Amino acid sequence: MEDASGSSSSPAVLRNKYWVLRHGRSVPNERGLIVSSLENGTKPEFGLAPQGVEQARAAGEKFRKELDEIGAPVGSVKIRYSPFSRTTETARVVAGVLGIPFEAPSCEAVLGLRERYFGPSYELLSHDKYADIWSVDEAHPCMAPEGGESVADVASRFSAVLLSAETQFHGSAILIVSHGDPLQIFQAVLSGAKENMSFLDDLTNLKVKDTDDLTNLEVKDTMVASILSQHRKFALITGELRRVV
């Protein structure tokens, strides 16, 4: 994204305000299962646990309070959420707290906000397997679990959602309801863009010629990978709301 001089080295100045919300505690959380495929994630049996409903309601109240504090009207709110059951239910509860009709255009499921797919080797297995994935993420954020998504893959689609929102809206309060890993990665993307707007362009062009040897990365790509590898420091607990921009 370039300015009038053709330079894209300036910090990001976004047209909207953004909050992220990790879904409330879910049935997969309680059962200790990785449910990351679109097929499984949209099943009703993998929705919110009772505690998650209460967490979503509390997040909605907190969001409403924060809107009041900055003088943002509820009418400016756009809720964009992952189509998974646990995120859809969370978004529905928040919309109810705010008095926003969930069927209105201001609430929309966005496929690009879905859970990170960890691949068939991890699907429906124990949460304990996350440690294996995160250790690879930290060393090689462009490497994906077999059949799944890398950190860079998720960062790319979340960046596309961000750029779409920035094109479509101006002065809106945008709430993104998604999942643990994707929201960590999204915050890492925002941290890079805050320093240098060209980060989004560099991310789009990020390519790894050999996933077993990252020495082929160009210098700017190495910088992008370094930021993405730190995504775990942006972790959210279930039901946690955070203003990010």
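The values are calculated or read from the model by the stated rules, or taken from the named source; none is laboratory data. No experiment lies behind these values; they were computed from the predicted model shown. Please note: Cβ atoms are built from the backbone with ideal geometry, for glycine as well, and neighbour counts cover all protein chains shown.
Could you grab the pairs with beta carbons closer than 9 Å, sequence gap of 6+ or different chains, first residue in the range 4-23 and under 27 Å from ALA72 (Cα atoms) and among the aromatic types (Phe, Trp, Tyr), second one assigned to a loop (DSSP other than H, G, I, E, B) and modelled with pLDDT under 90? What qualifies is TYR18/VAL245; TRP19/VAL245. Looking only at residues of the range 142-167 that are in a helix (DSSP H, G or I) and among the hydroxyl-bearing types (Ser, Thr, Tyr), we find that the one that is nearest to LEU124 (Cα to Cα) is SER156. Hey, does the range 96-111 have a residue that's crowded, with 17+ Cβ neighbours inside 10 Å and among the acidic types (Asp, Glu)? Checking the range 96-111: not a single residue is crowded, with 17+ Cβ neighbours inside 10 Å and among the acidic types (Asp, Glu).
Restricting attention to the range 37-47, does a residue exist that is more than 29 Å from VAL151 (Cβ to Cβ) and of a type outside the set (Gly, Ala, Ser)? Yes; the residues of the range 37-47 include at least one that is more than 29 Å from VAL151 (Cβ to Cβ) and of a type outside the set (Gly, Ala, Ser). On the stretch given as the range 118-152, residues that are acidic (Asp, Glu) and touching a Lys or Arg at 6+ places or on another chain (Cβ under 8 Å) total 3. Look at GLY148 and say whether it is modelled with pLDDT of 90 or more, at positive phi and either buried (at least 16 other Cβ atoms within 10 Å of the Cβ) or in contact with a strand residue (DSSP E or B) (Cβ under 6 Å, 6 or more places away or on another chain) (or both). No, not satisfied.
Screening the candidates PHE84, PHE46 for the property of being modelled with pLDDT of 95 or more, hydrophobic (A, V, I, L, M, F, W, C) and crowded, with 20+ Cβ neighbours inside 10 Å yields one hit, PHE84. Scanning the range 71-83 for residues that are touching a residue at least 60 places away in the same chain (Cβ under 8 Å) and outside any loop (DSSP other than H, G, I, E, B) yields SER76, VAL77, LYS78, ILE79, ARG80, TYR81.
So GLU108 fits all but one of (1) in a helix (DSSP H, G or I); (2) more than 23 Å from ILE70 (Cα to Cα); what number is the exception? GLU108 satisfies every listed condition except (1). With respect to (1) buried (at least 17 other Cβ atoms within 10 Å of the Cβ); (2) farther than 26 Å from ILE185 by Cβ, the lone exception for SER26 is condition (2).
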